[in-house]
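Below is one structure; the comments refer to it alone.
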Amino acid sequence: MSVFWQAILYLHVLAMAFFVGGQLVFGLAVVPVLRGDPDPERIRMRGIARRFGYGSLAALGVLLVTGWAMASHYDLWDSSTLQWKLALVGLVIALTLIHLKRPKLHALQGAILLASLVIVWLGLELVVGG
């Protein structure tokens with residue numbers, strides 16, 4: 001793998017780490033700690049969620065651009081693994097948009113995380129030749 005494509009893969013993995021890792025940190029650390037916050041409007045939690053949302057949007061952009069570049073370079077468009085991964089990416093985007101409109105539907109957070117973890121698995125399958 002050339003240095004250029006290794007850098008593209010690095011950016012893809014870094015963006016994935018932010019997107020999925022942030023979901024884990026938010027769900028396992030931030031929400032439980034701030035759930036007991038006496039502020040009924042949960043201003044701090046909303047502020048953290050908003051910041052994470054902006055970062056996630058940037059990470060998603062990086063993931064789409066680098067993923068498209070690698071799929072094209074490595075001629076993966078016909079791969080059924082990639083097709084499943086792209087379908088789940090579409091699902092995550094749709095669920096995220098719904099979550100933005102309905103933030104109190106907490107099951108959406110779990111569904112987004114679960115789909116994201118499967119996307120990571122499928123990405124590993126693509127890299128190691130599955």
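Tyr54 satisfies every condition listed in (1) among the aromatic types (Phe, Trp, Tyr); (2) within 25 Å of Gln6 (Cα to Cα); (3) under 18 Å from the mean Cα position of the chain (by Cα) except (2).
I'm trying to understand the selection: among the residues of the stretch 53-64, which are of a type in the set (Gly, Ala, Ser) and surrounded by 12 or more Cβ atoms within 10 Å (Cβ to Cβ)? Spell out the reasoning first.
Step one: list which residues in the stretch 53-64 are of a type in the set (Gly, Ala, Ser), which gives 53, 55-56, 58-59, 61.
Within the stretch 53-64, Gly53, Gly55, Ser56, Ala58, Ala59 meet the criteria.
Number of residues in the stretch 65-91 that are surrounded by 14 or more Cβ atoms within 10 Å (Cβ to Cβ), closer than 14 Å to Leu122 by Cα and not polar (S, T, N, Q) equals 9. Across the stretch 49-78, the qualifying residues are those that are of a type in the set (S, T, N, Q) and at pLDDT 95 or above, and the one among them that is nearest to Val25 (Cα to Cα) is Thr66.
Pairing each residue of the stretch 75-92 that is over 19 Å from Gly61 (Cα atoms) with any residue that is in a loop (DSSP other than H, G, I, E, B) and hydrophobic (A, V, I, L, M, F, W, C), provided the two are 6+ apart or on different chains, yields no C-beta distance under 8 Å. In summary, Val25 fulfils each of the numbered conditions (1) at pLDDT 90 or above; (2) within 26 Å of Gly129 (Cα to Cα); (3) out of contact with any Gly (no Cβ under 7 Å at 6 or more places or on another chain) with the single exception of condition (2).
Within the stretch 85-130, the residues that satisfy the criterion of being more than 23 Å from Val13 (Cβ to Cβ) and assigned to a loop (DSSP other than H, G, I, E, B) are Arg102, Pro103, Lys104, Leu105, His106. Note on the stretch 109-130: residues that are of a type in the set (Gly, Ala, Ser), surrounded by 16 or more Cβ atoms within 10 Å (Cβ to Cβ) and over 18 Å from His99 (Cα atoms) total 1.
The values are calculated or read from the model by the stated rules, or taken from the named source; none is laboratory data. The shown structure was predicted, so the numbers you read here are calculated from the model rather than taken from an experiment. Backbone-built Cβ (ideal geometry, glycine too); neighbour counts: all protein chains shown.
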